[in-house]
Amino acid sequence: MCGFIGVLAPRGRDVIGEIHDGLVSIQHRGQDAAGACTYNGRFHIKRGMGLVREVFRDDNIARLRGNLGIGHVRYPTVGGGSVDDTQPFMVKQPFGISMAHNGNLTNFGELKRELTERDHYMVDSNCDVEAILQVFSHALAQTGVARPTEDAVFRAVDAVFERCKGAYSVVGMISGFGLFAFRDPYGIKPIIMGERTESDGRKSFCVASESVLLDLLDYHHTSSLKAGEAIVVRNDGTLTRRQIRHQPHHPCLFEWVYFARPDSFLDKVSVYKSRLRMGEHLADAWKKTGIHVDVVMPVPESARDAALALAQRLGAKYREGLVKNRYIGRTFIMPGNRLRRKSIRHKLNAIQLEFKDKDVLLVDDSIVRGNTSRELVQMAREAGARKVYFASCSPPLKHPCVYGIDMSTKNEFIARGRSAEEIAKEIGADFVLYQELADLETSVREGNPEIAQFCTACFTGKYPTNDVTEDVLAAIEGERMLAHSKDG
């Protein structure tokens, strides 16, 4: 999971201010590293480890000139945490191209070898966007055009779709030509575009990972790219869209559960509204248990909306009994279990008055490894709770995500091979309730009935790209286990 932005403004305007502010608004999508690249006749690039505010200082921002630019925030999955893997990436031939993405290639290792041995392109990092960029640039060069054209760019995107397997949304720019973006043939990763008419009548364009970014920067007429769709915006403001591949759309269901901000829309679906519906479905399921609760409490932040809806539907009290330290990052996307475990107690603290002598229902977006859940249950008991119950907005997570989420190796999932009763015992809770997959899908689909199916691989083990073999899973798991061992 990463986040990106691309902006094309009329000549004479610098876009780095918008890129910086946009990246801050999607900082939740990646806290490991950040970067930006702009163009004003030459490329200017800045990449570094850390949060946006740590990477971009006044002196960097001042030199990132140009009316065309892209930016990125990163959290690492398979590809290490060094600055060499930080985006955007850039090549000087043909024409000069810079690119950033959100996602993961399932055939990265194979493609890296193929690029080296067959195409004689060196992939010098562990970041798969470099492989996508090399495939794209090689295909664009093969078109033989003297200057870039829309058709040539779309042909290069088609070559990416042919060779690059997995899930990815991509934004890029070509020197002297303009901005381009595309979404993988299954539409697993989100990407939204918008436009804005300036005071002089000229237009600016923006593409991003979440709609909240477009809202904050005052872009309108927003729309999500379709699965297998690409866009090109030339320097003169000419926008061209083309449907290149026609596969069934499978947007990632976990985006609505956890990753996206509640004030975002993804594929026309409000994240906030979908989470309210998740809570309502959980409440209906909880009623069937016959278990009384005195108070419902969310695990901040992403479970708050669902917990509120659940409490209202149950007729129970809703309380904010856990206080979050906002200066601690999201523990789910922290690299390494040791760092995650250490951060949980620093991140959350209990208000004892809200727990003492009460039967408490804690609501979280998911239960992955069980580290956070176990600590929270213990925290609630130490604060004086009589009973501690736990509800998850998502079904049991049992299968690794190969599409760009560091969602554990299969042996780390607490739900794998365990019943709900066994999980409750493992985390120390009196009872655990999981959302049914059908209810979760309905919670999102109600916002856009056109979404016929989702990527639910982390719940079901069914990978929509149909290229995820046991060998692929074993290779990715091996890389993650190696990375986690280095984290301690």
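Values in this text are rule-based calculations from the coordinates and carry no lab data. What you see is a predicted model; the values in this text were computed from it and never measured. Cβ placement follows ideal geometry from the backbone for every residue including glycine, while neighbour counts extend to all protein chains displayed.
Express in whole angstrom the spacing between the alpha-carbon centres of the range 22-99 and the range 200-219.
18
With r defined as the distance between the Cβ atoms of Ile351 and Glu421 and R0 fixed at 41 Å, what FRET efficiency is calculated, to the nearest 0.05?
0.90
What FRET efficiency do you get for Ala438 and Gln312 if R0 is 25 Å and r is their Cβ-Cβ distance, rounded to the nearest 0.05?
0.65
Which Cα, out of Ile70, Phe205, Gly50, lies furthest along the positive dipole direction of the chain (beta carbon charges, K/R +1, D/E -1)?
Gly50
List every residue whose amide H lies under 5 Å from the amide H of Tyr186, counting only residues 5 or more places away in sequence or on a different chain, with H placed 1.01 Å from N in the peptide plane.
HN-HN under 5 Å from Tyr186: Gly228.
Mind pulling the per residue volume of the convex hull built on the Cα atoms of the range 108-161? Å³ is fine.
It comes to 76 Å³ per residue, whole-number rounded.
Once the range 204-313 is represented by equal point scatterers at the alpha-carbon sites, with solvent omitted, what log10 I(q)/I(0) does the Debye formula produce at q = 0.16, 0.21, 0.22, 0.23 Å⁻¹?
Ignoring solvent entirely, the Cα scatterers give -0.83, -1.14, -1.20, -1.25.
Calculate, for Glu117 and Glu382, the FRET efficiency according to 1/(1 + (r/R0)^6) with r their C-beta to C-beta distance and R0 60 Å; round to the nearest 0.05.
It comes to 0.55.
How large, in Å, is the range 269-486 by the Kirkwood hydrodynamic radius built from its alpha-carbon pairs?
About 18.0 Å, per the Kirkwood formula over Cα pairs.
Hey, what number do you get for the chain at 222 nm if only DSSP H runs of n ≥ 4 count, each worth -39500 (n - 2.57), divided across all residues, to the nearest 500?
Calculated from helices alone, the mean residue ellipticity at 222 nm is -9500 deg cm²/dmol.
Tell me which of Val135, Gly428, Leu310 sits at the most positive position along the dipole axis of the chain, charges placed on C-beta atoms (Lys, Arg +1; Asp, Glu -1).
Gly428
Report the antiparallel proportion of the DSSP beta bridges in the chain as a percent, rounded to a multiple of 5.
Bridges in the chain that DSSP calls antiparallel: roughly 80 percent.
How much length is gained if the chain between Lys288 and Arg65 is pulled fully straight, taking 0.36 nm per residue apart and subtracting their Cα-Cα distance, in nm to one decimal?
Result: 74.3 nm gained on full extension.
Quick check for me: using +1 on Lys/Arg Cβ and -1 on Asp/Glu Cβ, what's the dipole size of the range 1-133 about its Cα centre, in debye to the nearest 20?
For the range 1-133, the charge dipole is close to 460 debye.
By how many nm would the segment from Val24 to Arg202 lengthen if fully extended, with 0.36 nm per residue of separation less the alpha-carbon distance?
Between Val24 and Arg202, full extension yields 61.5 nm more.
May I ask you to derive the relative contact order of the chain, considering only C-alpha pairs under 8 Å and at least 6 residues apart, and to give it as an integer percent?
13
Work out the length of the dipole vector of the range 269-486 about its Cα centre, built from +1 on the beta-carbon of each Lys and Arg and -1 on the beta-carbon of each Asp and Glu, and round it to the nearest 20 debye.
It works out to roughly 840 debye.
What is the range 3-249 by shape, rounded, prolate or oblate, if you read a ≥ b ≥ c off the alpha carbon gyration tensor as root eigenvalues and call it rounded for a/c under 1.5, prolate for a/b larger than b/c, and oblate otherwise?
Note, shape of the range 3-249 comes out rounded.
Would you mind checking the pairs Lys226/Lys268; Lys112/Lys398; Lys165/Lys462; Lys324/Lys358 and listing those with alpha carbons more than 19 angstrom apart?
Violating the 19 Å Cα-Cα cut-off are Lys112/Lys398; Lys324/Lys358.
If the only charges are +1 at each Lys and Arg Cβ and -1 at each Asp and Glu Cβ, what is the size of the charge dipole of the chain around the Cα centre, to the nearest 20 debye?
Magnitude of the dipole: close to 700 debye.
Any chance you could run the full-extension gain for Asp58 through Asn448? It's 0.36 nm times the residue separation minus the Cα-Cα distance, nm to one decimal.
136.2 nm
With a cut-off of at most 13 other beta carbons within 10 Å, and DSSP calling the residue loop, which GluC sites (Glu not before Pro) in the range 176-241 qualify? Please list them.
Glu198
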